[in-house]
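Just below is one structure, and these are the notes that go with it.
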Amino acid sequence: MLLTLGLNHNTAPIDIREKLAFSPDRLSQSLQSLNQLAFIEEAAILSTCNRTEIYCDTAAQQTNELIAWLASFHHVDENSIREYLYSHTGHQSIKHMSRVACGLDSMVLGEPQILGQMKTAYQQASEAGTLGKYLGRLFQHTFQVAKKVRTDTAIGSSPVSVAFAGVKLAQQIFANLEDQTALLIGAGETIELAAQHLKEQGIGRLIVANRTLEKAHAIASQGNGYAIEIKDIPDHLYEADIIISSTASPLPILGKGSVETAIAKRKHKPMFMMDLAVPHDIEKEVGSLSDIYLYSVDDLKNIVDDGLQSRREAAEQAEEIIDIQVSHFQTWIQAQDASKTIYQLRTQTDKARNELLNKAINSLNNGQTAELVLQRLASDLTNKILHAPSRNLKQAASEGNIELLSAAQQLFNLEK
């Protein structure tokens, strides 16, 4: 039975999530400990800052036992975490994994990072030897579903943060970011996100300006860039094709005069500016200059709102795709169950045949005629194989179980 146990940003505060997180350096040990539980046949663990989830193939539904292990492993009181946990079994577990991989269960709808984190969880479980036929196949199926959702819907194409929206806008102005230089002013979360998105889109060079040079350097080191102090911005402004600013300064950092000087040095090559600060980091008058494209946080917010609506619509399409794919995976599981049943039937029949064949050989060795031995072998084998089905069919008839009788007619290809 497929079983998922977990908690996420919707069900648990950060202090609880931190207590139940699995550190990467102990994950192999965690998987081995989990896999030693008697009822666990396969297992994998996904642990991020926003969620911890345990995926299992179990002999039976033993959610309470799994909660007890989770509490014991992290040295917390079992009753103190129960209210924050959720569990899924069977097809709900299959559906949940697909929704997580597609970003439908994420804090930012449709975010792509979670798919990479799930692939890491799969790889770690594979290396730890805790994956088998069912869970391993489910992970592969989940990755295929996520790929299909990304391909067939717009779940990840629309901006849902001002940093992402700004970079997307820059791409519309500069066709190829590989040839551009970006100047980032500040070192907060928004600037970090902007640096990340620019790097993903292949920005040619990063310059990061901040009052604290160390913080600026930490962000600049993500790409091909360097750090400067804010007071040195006028010396480097002309180099920048893209300027993104987000500081807590009470007064503007860039004025019309300094930008005019930079434009002249650039020989009027266009500059794209995003002022994501409140109050403004860039004087409004800068927007009136030729060759300057200046956007405020309010301008980008409209793009973000449109992006969120677009992702919500894409999410509805994604849910339909997931439902269909869950059905496909359940069909595969049922086929495996059929294979197991066929194997058990053949094993049982072979055992009966071998027993009766040995009995027949002994009869021949004792001088009985071959014709009599063969007749008895055929009769005994028929009775042995059909005894249990005949008994069960009689009981079904007495109980009015028409479904079983109809299934037997179809199974043995009998004429009605």
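Read-outs: derived from the displayed coordinates by stated rules, not from any lab. Everything numeric here is computed off the predicted structure, so don't read it as measured data. As a convention, Cβ positions derive from the backbone with ideal geometry for all residues, glycine included, and neighbour counts pool all protein chains shown.
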Which chymotrypsin sites (Phe, Trp or Tyr not before Pro) in the stretch 320-416 pass both tests, a DSSP loop state and at most 14 other beta-carbon atoms within 10 Å? PHE412
Beta carbons within 10 angstrom, averaged per residue: use that to sort the peptides 203-211, 33-41, highest first. 203-211, 33-41
Pull up the cross-link candidates among the lysines for LYS384, meaning alpha carbon to alpha carbon under 22 Å and not fewer than 8 places away within one chain. LYS340, LYS351, LYS359, LYS394
Determine, for ASP57, ASP350, the number of other Cβ atoms within 10 Å of each Cβ, and report the residues in order from fewest to most. ASP350, ASP57
Restricting the calculation to Cα positions, tell me the Rg (one decimal) and the Dmax (whole number) of the stretch 264-415 in Å. 38.9, 116
GNM result for the chain, Cα springs below 10 Å: residue of ALA388, ALA165, ALA146 fluctuating most strongly: ALA388
Could you work out the helix-only [θ] at 222 nm for the chain, with each DSSP H run of four or more residues adding -39,500 (n - 2.57) and the total divided by the number of residues, to the nearest 500 deg cm²/dmol? -18000 deg cm²/dmol
Magnitude of the Cβ-charge dipole (Lys and Arg +1, Asp and Glu -1) of the chain about the Cα centre, nearest 20 debye, reported as 1480
Rounded to whole Å and sorted largest first, list the principal axis extents of the Cα atoms in the chain. 117, 49, 41
Candidates SER398, SER93, SER158; GNM for the chain (alpha-carbon contacts under 10 Å) flags as most fluctuating SER398
What's the exposure ranking of LEU66, LEU5, LEU308, going from fewest to most Cβ atoms within 10 Å? LEU308, LEU5, LEU66
Ranked by GNM mean-square fluctuation in the chain (Cα springs under 10 Å), the top entry among LEU300, LEU31, LEU345 is LEU345
Filter LYS231/LYS256; LYS199/LYS301; LYS168/LYS199; LYS231/LYS301; LYS168/LYS265; LYS95/LYS148 down to the pairs with a C-alpha to C-alpha distance above 19 Å, please. LYS199/LYS301; LYS231/LYS301; LYS168/LYS265
Tell me, in nm to one decimal, what length is gained between VAL76 and ALA175 on full extension, where the rule is 0.36 nm per residue of separation less the Cα-Cα distance? 30.3 nm
Tell me which of THR52, GLY132, LEU109 sits at the most positive position along the dipole axis of the stretch 2-152, charges placed on C-beta atoms (Lys, Arg +1; Asp, Glu -1). LEU109
Listed residue (VAL145, TYR343, ASN64) projecting farthest to the positive dipole end of the chain, Cβ model: TYR343
Fewest Cβ neighbours within 10 Å first, please rank CYS56, CYS49, CYS102 accordingly. CYS49, CYS56, CYS102
Which one, ILE263, ILE173, ILE40, is farthest towards the positive end of the dipole of the chain when Lys and Arg carry +1 and Asp and Glu -1 on their Cβ? ILE40
